[in-house]
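Have a look at the structure below before the remarks.
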Amino acid sequence: MTVADLLNSVKIVVDPDGQQSAVMVDMDVWEQIVTLLEDTEDAEEFRKARKVQEETISWKTAKKDLNLGE
């Protein structure tokens, strides 16, 4: 489902004065929105992590240093 599809499925709640006061969405739409937000957040964290220049070591060296076998 696209963002436009998600937005089109939203129901707007109006208060007695005719002012928009809330939105309602079906649970499956809500879950898709949450997943989309989590994926966006994860992608941003990944971009930030790739910019950090840290020393890396091989998995083989790490296992040896931690006495986890060969």
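Yes or no, residue by residue, for (1) β-branched (V, I, T); (2) at pLDDT 90 or above:
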| site | (1), (2) |
| --- | --- |
| V29 | yes, yes |
| V34 | yes, yes |
| D39 | no, yes |
| D42 | no, yes |
| Q53 | no, no |
| N67 | no, no |
| E70 | no, no |
- request: Taking only region 1-18 into account, find how many residues are among the hydrophobic types (A, V, I, L, M, F, W, C), under 15 Å from L37 (Cα atoms) and either part of a helix (DSSP H, G or I) or open to solvent by less than 100 Å² (accessible area, probe 1.4 Å) (or both).
  value: 4
statement: Of those in region 19-66 that are within 25 Å of A4 (Cα to Cα) and not in a helix (DSSP H, G or I), the residue most open to solvent (accessible area, probe 1.4 Å) is Q20
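The values are calculated or read from the model by the stated rules, or taken from the named source; none is laboratory data. On a predicted model such as this, the values are computed, not experimentally measured, just so you know. Ligands, DNA and RNA are stripped out before the accessible areas are found, and what is left, the full protein with its side chains, is counted by its heavy atoms. Shrake-Rupley method; radii C 1.70, N 1.55, O 1.52, S 1.80 Å.
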